[in-house]
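One structure is given here, and the rest of the page talks about it.
The values are calculated or read from the model by the stated rules, or taken from the named source; none is laboratory data. Predicted, not measured: the structure shown is a model, and the values here were computed from it. Quick reminder, even Gly has a Cβ in these numbers, built from the backbone with ideal geometry, and neighbours come from all protein chains shown.
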Amino acid sequence: MKTQQLKSQLLGTSLLFLLGCGLITSQETNDGWETMFNGNDLDGWTTKVHHYEVGDNYADTFRAEDDMVKVRYDKYEGEFNNRYSHLYYDKPFSDFHFTVQYRFLGELYRGAPDYTILNSGVMFHSQDPKTMLKEQDWPISVEIQFLAGVEEGVERPTGNMCSPGTDVVFEGKIDPRHCIKSTSDTYYGDQWVTAELVVYHDSLVKHIINGKTVLEYTKPQIGGGVANGYDPRMKEDGKLLTEGFIALQSEGQPIDFKNIKIRNLKGCTDPKATNYKEYYEVSDLKACSYN
């Protein structure tokens, strides 16, 4: 009798545990956030390193370790030689809320340009890496740039906008600058910083650092310079960027990325539909399903 009672109690406890796990999983699913990095390997991501073919993760530049994506250069040989690298998530997005935590550490690799010290970022609305040529240095994309303070007391904001092969409209007109500074604080050392992007196709873009909106602009589009070695067919100046790929950047400075997540903001906004989600902000009524 006691044995049977113990079995029943254990069974009940197990069911409660499973139900609890189910509830947690359901909440994680229902809030729309998708974990982009599985914590174990780089499955679902594609590397492009300048001077190398798509998919060649030269010298193990990007590594999945300790539940983070790490950028390292200890296996590099010779000078840096402009081996700018990007790790692309294999799924494009149009309207989304993206979040990541990053921290700088270590020393700038020898031969990397001085401006790349404590410098990295995330590219978005990027061209497909499969369309990049071997000698293309930067993807045609928009970047949320990450910087850290180099000299105490000298401002060096993070969450800036940079535009390789693109333009944006800032304060009502196309801004000729390659990079536009944000209003963020300056962060020093190896502290973790949370960066977010809220992007509405070819309309509004918001940069958020540690919960504070630090930059807004509109109408990201192909144009401008900086990107080199690209296929001319990929650069249709004036073409608005409505979607694209997201990529973590490597410029010669070791950096860690973690908690890489995204939430799609476009979908069925009709509450009567079976696939309605209250977090959708951009309506796609063609996607609605009804019983």
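For Asp31, the conditions (1) modelled with pLDDT of 95 or more; (2) within 30 Å of Lys219 (Cβ to Cβ) all hold with the exception of (1).
Across the stretch 168-200, the number of residues qualifying as out of contact with any Pro (no Cβ under 7 Å at 6 or more places or on another chain), assigned to a strand (DSSP E or B) and without any contact (Cβ under 8 Å) to a residue 60 or more places away in the chain comes to 6. On the given criteria, is Arg72 in contact (Cβ under 8 Å) with a residue 40 or more places away in the chain and in the same structural domain as Thr242 (by TED's automatic domain parsing)? Yes; evaluated as a whole, the condition is true for this residue. Residue check: Arg177 meets all listed conditions (1) under 22 Å from Leu118 (Cα atoms); (2) touching a strand residue (DSSP E or B) at 6+ places or on another chain (Cβ under 6 Å) but one, namely (2). Checked against the criterion of being in contact (Cβ under 8 Å) with a residue 24 or more places away in the chain, under 27 Å from Lys134 (Cβ atoms) and either over 20 Å from the mean Cα position of the chain (by Cα) or in a helix (DSSP H, G or I) (or both), the stretch 201-223 contains one or more residues that satisfy it. Taken over the stretch 219-237, the criterion of being loosely packed, with under 15 Cβ neighbours inside 10 Å and either of a type in the set (Ser, Thr, Tyr) or not assigned by TED's automatic domain parsing to the domain that holds Asp202 (or both) is satisfied by no residue. Residues in the stretch 233-266 that are in contact with a helix residue (DSSP H, G or I) (Cβ under 8 Å, 6 or more places away or on another chain) and not in a strand (DSSP E or B): Met234, Glu251, Gly252, Gln253.
Residues of the stretch 63-97 that are part of a strand (DSSP E or B) and either crowded, with 19+ Cβ neighbours inside 10 Å or touching a helix residue (DSSP H, G or I) at 6+ places or on another chain (Cβ under 9 Å) (or both): Met68, Val69, Val71, Ser85, His86, Leu87, Tyr88, Tyr89, Phe93, Asp95, Phe96, His97. Criterion first (at pLDDT 95 or above and surrounded by fewer than 17 Cβ atoms within 10 Å (Cβ to Cβ)) does Val100 satisfy it? When the stated conditions are applied, Val100 does not pass them. Scanning the stretch 119-128 for residues that are more than 11 Å from the chain's Cα centre (by Cα) and either crowded, with 20+ Cβ neighbours inside 10 Å or under 17 Å from Val226 (Cα atoms) (or both) yields Asn119, Ser120, Gln127. Of the residues in the stretch 156-164, at least one is farther than 25 Å from Trp45 by Cα, surrounded by fewer than 23 Cβ atoms within 10 Å (Cβ to Cβ) and of a type in the set (Lys, Arg). Being more than 30 Å from Gly78 (Cβ to Cβ), over 12 Å from the mean Cα position of the chain (by Cα) and among the aromatic types (Phe, Trp, Tyr) holds for only one residue in Tyr109, Tyr115, Tyr188, and it is Tyr188.
If you check Thr269 against the conditions, is it assigned to a loop (DSSP other than H, G, I, E, B), surrounded by 14 or more Cβ atoms within 10 Å (Cβ to Cβ) and in contact (Cβ under 8 Å) with a residue 40 or more places away in the chain? No; evaluated as a whole, the condition is false for this residue.
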